[in-house]
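Have a look at the structure below, then the notes.
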Amino acid sequence: MSVQTRVLILGGGYAGVMAANRLAAAARPGLAVRLVNPRGQFVERIRLHEYAAGTRAGVAVPFDRLLHPAVRQVPGTAVAIDAGRRTVGLADGETLPYDYLLYAVGSTGPAAPAGALAVADVADAAAARTSLRSLPAGAAVAIVGGGLTALETAAETARAHPRLRVHLWCSALPGPSLPEPSRAGLLRSLRRAGVQVHPEVPVSAAADPRGQLGADLVLWCTGFSVPDLAARSALPVDGAGRLRVDASLRAAGQDRVFGAGDAAVIEDPGYAYLRMSCAAAMPMGAEAAGNILRALEGLPLRRHDSGFQAQCISLGRADGLVQFVGTDDTPRSLHLHGRTAAVLKEIICRMTLRWIRSEAKRSGAYSWPKGPRALRRTPVESRP
């Protein structure tokens, strides 16, 4: 290892913070870890629906309470990556050199059409929170989308604001990944919360959706997109703009660039089951950090191996759905509903911060479920 080896991490979400802690806590001589993020706070994105509905006071945690003290925080937004020169340009004009780069810029929601609000980040959720509070009794709120974000936002909003009429509009069936028995329980929970569900009704983004839906407020929760930083920097990306990485999480054709979290995709088709989620981002961040440490020591890199155990859906503070899944995210027959599911969901949300903090105390403290067995039938190491 050189006297000073600089690891630069872009993004302070679940993947980036986990990676920073694993690297810094390893206490390798001469290793300098810097974390670039626009805010000096970590955002619990899995709780944004609570913040938007007004059932949670805040979702921001100061980095000083999560990061290893050796991690240097760099406030700023990366606007360009020069992999040839190994530099990253920031929006304020500063240029940061690196020896290894971890691309973990995360995801955000798609742009909401005029007349609608999103809940994809703190600013969006804050705007939704203010708007919900200002609505008069009897006003109609439309949530557009059928995925987990839309489901959680609809239920949380309805329970927090019983004076409002809450509608959920889905272009397909709500919870499309759920088996029918679980979806039936989901629909019962939504009805108990006071949500009127409109399945298989596409909503156009070409015009103000308030007129289409007869709503006073529209919350747009139709999926996720990723920043175009990798594409603009001529790094390899897929059709959605995600950084393409191999099974060791190293970017295609790049020895010094790794990717983790929502903004990266493993090219190997065996990993197609990995969905955008903190349950996938944290293991990817930890694995990428581990492989950077192995590269520094000249050791073979490990093939990423992570899987799922459950899909947990919050449906208000006292209701929820836990769908148990196989390691490849395929639904099992077992599922939980009601208060027990809500408690389990809350425990997992709290554990995410504890896992991050534990990694700051000891590199390698965080562990995760293994992926499908098929992944382990292929070679598990790649070149340093």
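The values are calculated or read from the model by the stated rules, or taken from the named source; none is laboratory data. Remember, predicted model here, so these are calculated numbers, not experimental data. Neighbour counts run over all protein chains shown; Cβ positions are idealised from the backbone, glycine included.
Of all residues in the stretch 137-163, those satisfying the criterion of being in a helix (DSSP H, G or I) and farther than 18 Å from R210 by Cβ are L148, T149, L151, E152, A155, E156, A158, R159, A160. Given the criteria part of a loop (DSSP other than H, G, I, E, B) and either more than 27 Å from S134 (Cα to Cα) or in contact with a strand residue (DSSP E or B) (Cβ under 9 Å, 6 or more places away or on another chain) (or both), does R28 qualify? Yes.
Scan the stretch 97-120 residue by residue and report those that are closer than 22 Å to L249 by Cα and in a strand (DSSP E or B). Can you show your working first?
So in the stretch 97-120, the residues closer than 22 Å to L249 by Cα come out as 97-108.
Of everything in the stretch 97-120, those that are closer than 22 Å to L249 by Cα and in a strand (DSSP E or B) turn out to be P97, Y100, L101, L102, Y103, T108.
Quick one: is A281 surrounded by 17 or more Cβ atoms within 10 Å (Cβ to Cβ), over 14 Å from the mean Cα position of the chain (by Cα), closer than 22 Å to R47 by Cβ and at pLDDT 95 or above? Show your work before the answer.
Details: surrounded by 17 or more Cβ atoms within 10 Å (Cβ to Cβ): yes; over 14 Å from the mean Cα position of the chain (by Cα): no; closer than 22 Å to R47 by Cβ: yes; at pLDDT 95 or above: yes.
Taking the combined requirement at face value, the residue does not satisfy it.
Selection of first residues in the stretch 80-100 that are farther than 17 Å from L35 by Cβ and touching a residue at least 24 places away in the same chain (Cβ under 8 Å) and of second residues that are of a type in the set (S, T, N, Q) and outside any strand (DSSP E or B), restricted to Cβ pairs under 8 Å at least 6 apart or on distinct chains, gives the following pairs, ordered by first then second residue: A80/S233; D82/S233; A83/S233; A83/Q254. Residues of the stretch 306-329 that are assigned to a loop (DSSP other than H, G, I, E, B) and either closer than 30 Å to T157 by Cβ or in contact with a helix residue (DSSP H, G or I) (Cβ under 6 Å, 6 or more places away or on another chain) (or both): S306, F308, Q309, L315, G316, R317, A318, D319, D329.
Scan R183, R188, R232 and give me the residue that is over 23 Å from L135 (Cα atoms) and assigned by TED's automatic domain parsing to the domain that holds L101. Can you show your working first?
Values: R183 fails: assigned by TED's automatic domain parsing to the domain that holds L101; R188 fails: assigned by TED's automatic domain parsing to the domain that holds L101.
Answer to the selection: R232.
Have a look at L229, L274, L235, L219 and point out the one that is surrounded by fewer than 22 Cβ atoms within 10 Å (Cβ to Cβ) and either of a type in the set (A, V, I, L, M) or touching a residue at least 40 places away in the same chain (Cβ under 8 Å) (or both).
Details: L229 fails: surrounded by fewer than 22 Cβ atoms within 10 Å (Cβ to Cβ); L274 fails: surrounded by fewer than 22 Cβ atoms within 10 Å (Cβ to Cβ); L219 fails: surrounded by fewer than 22 Cβ atoms within 10 Å (Cβ to Cβ).
Only one candidate passes the filter, namely L235.
Remark: pairs (first residue in the stretch 241-262, under 25 Å from I46 (Cα atoms); second residue of a type in the set (K, R); Cβ separation under 7 Å; 6+ apart in sequence or on different chains) = F258/R250.
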